[in-house]
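No lab work stands behind these numbers, since they all come straight from the coordinates. These numbers come from a predicted model, not from an experiment. Counting neighbours? That spans all protein chains shown, and the Cβs are built from the backbone with ideal geometry, glycine included.
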Amino acid sequence: MELEWQETQLQRVTAFLNRGAAPAYIEAGGMLVLNQKCVRDHRVDFSSARRTDSERKPVAPERHVRRWDILVNSTGVGTLGRVAQVTQLPEQATVDSHVTIVRPDPNKVDPRFLGFVLCASEPDVEALGEGSTGQTELSRVRLGSLSIQLPPLKEQEAIGSILANLSDKIELNRQASATLNAITCALFDSWFVSFDPVRSKAVGEDTALPANLAPLFPNRLVKTTLGFIPEGWAVEPLSEHIEVTKGVSYQGDGLGDQGIPLHNLNSIYEGGGYKYEGIKFYTEDYRPRHVVRPGDVIVANTEQGHDRLLIGYAAIVPKLFGEFGIASHHIFRLTIKAGSPFRPAFLCAMLNSRRMHDVVSGYANGTTVNMLPEDGLKMTPAIVPPPGLIEAFDAVARNSEQRREEMVAESRILAAMRDGLLPKLISGELRVPNPETFLSRVRA
């Protein structure tokens, strides 16, 4: 390593390094409070934040989170040491007493560079924790003692810019994917839950639908066992439309880095949708009924606890892991029966809708582990719209899903590039020649 690189301690390049304070939690209003759940996968997830009454319990100005602050989880087992940098701040926020704010001093270190250094140093940060099992804590003194290597400031800026450009594109893809999903969910809700076109017709308003779809919505609602639904639409149990099959029961010895893709409980997000990072690989025996293929609908049938955050939610198997895979025993594979007008994307959206999920998950039972029986799906009554509407929605949803999967594939490539460059750039193994020239071109 060249002489111009210097070794220093984290505390020497920070303007503030301390934990948050215990909040006065309230249900609504007040200041956003970021907690350990908000720091995951090197991202700050604001959706997991809570709120505090900052008038009843004032938050010191230095504990107001700022852009480029680095958040470090500082307690617990499995959470301690996780790092994320605040790249965007949608509203005023603070952190609770389990999270440390590391605020870079821009006169001494490039904030983005330091954020990437700490993200790459998570194992070293975790190793600084002290205490017994279940009570591990990371003090600000020990965190501040973390040794880091610093190149000249301009080279820090160049490295931060290179890595941030890759991370920013990944984040844009994530946001675009979330927007597409929200649009699909909103369309399902409008057509098949709120029945907006029917209500528009009932008062003589234009539905704004294409000429081939508008006639499929009647002009009034009628009372059924599921409440008021469009006239002429049916109510039938899901057993009329689907077959339910449980996946393979496996042992840990059958898992490895290679093998057949195993879609499992961690392959479905809480609230529904496919979770790509949850894939496992399986090398042991299975039967034909355990096989799943791209486009199949899978449903979580197990959950620790009784909050029903995961159980009963559905996802569609993506193409990313190939044309052949299997499901674990914590997953149901749903097969649409011949003659049913249902389609996979429609079925998945239906199961993830609030009304349907409340009913399906209500069949779950168990003590510590909540289990969903097959009949929980089969016995649930469903609204059956005209086939033409199902096909129209399914086409929109499939196009959205395809675009989202393309963005996931692109983001995985970008993440591999970033994660490959990261240790080489922050260690000096790979240098940025003429960083000032590089920065001038980036800013031009």
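Here are the numbers for the structure shown:
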item: Simple spin-label estimate for Glu4 and Phe281 in nanometres, 7 Å along Cα-Cβ; result: 4.2 nm
item: Contour minus Cα-Cα distance for Thr224 and Leu309 (0.36 nm per residue); result: 27.7 nm
item: Efficiency of FRET from Cβ geometry, Glu374 and Ala416, R₀ 35 Å, rounded to 0.05; result: 0.35
item: Over the chain: helical MRE at 222 nm, DSSP H runs n ≥ 4 each giving -39500 (n - 2.57), nearest 500; result: -10000 deg cm²/dmol
item: Packing rank of 293-304, 231-242, 430-441, where each peptide gets the mean count of other beta carbons within 10 Å, highest leading; result: 293-304, 231-242, 430-441
item: Where GluC sites (Glu not before Pro) fall in DSSP loop in region 1-83, at most 14 other Cβ within 10 Å; result: Glu2, Glu4, Glu27, Glu55
item: Highest-first arrangement of 252-260, 420-428, 92-100, where packing means the average Cβ count within 10 Å; result: 92-100, 420-428, 252-260
item: Global geometry of region 364-416, whether rounded, prolate or oblate, following the gyration tensor of its Cα atoms and the 1.5 cut on a/c; result: oblate
item: Rg(Cα) / (2.2 N^0.38 Å) computed for the chain, rounded to two decimals; result: 1.15
item: Compactness relative to 2.2 N^0.38 Å, alpha carbon Rg of region 117-220; result: 2.11
item: Candidate aspartates and glutamates for bridging to Lys223, where Cα separation is under 15 Å - those fewer than 8 sequence places away on the same chain excluded; result: Glu231, Glu236
item: At least 27 Å along the helix axis (C-alpha) and Kyte average at least -1.0, DSSP helices within the chain; result: 153-192, 387-427
item: For the chain, built as a Gaussian network whose Cα springs stay under 10 Å, the top-fluctuating residue of Ser132, Ser200, Ser411; result: Ser132
item: Reference-scaled alpha-carbon Rg (2.2 N^0.38 Å with N residues) for region 6-150; result: 0.99
item: Sorted by Cβ density within 10 Å, fewest first, the residues Ser328, Ser147; result: Ser147, Ser328
item: Within the chain: Cβ-based charge dipole about Cα centre, in debye rounded to nearest 20 (Lys, Arg +1; Asp, Glu -1); result: 540 debye
item: Loop chymotrypsin sites (Phe, Trp or Tyr not before Pro), region 277-372, which have at most 13 other Cβ atoms in a 10 Å radius of their Cβ (DSSP); result: Phe324
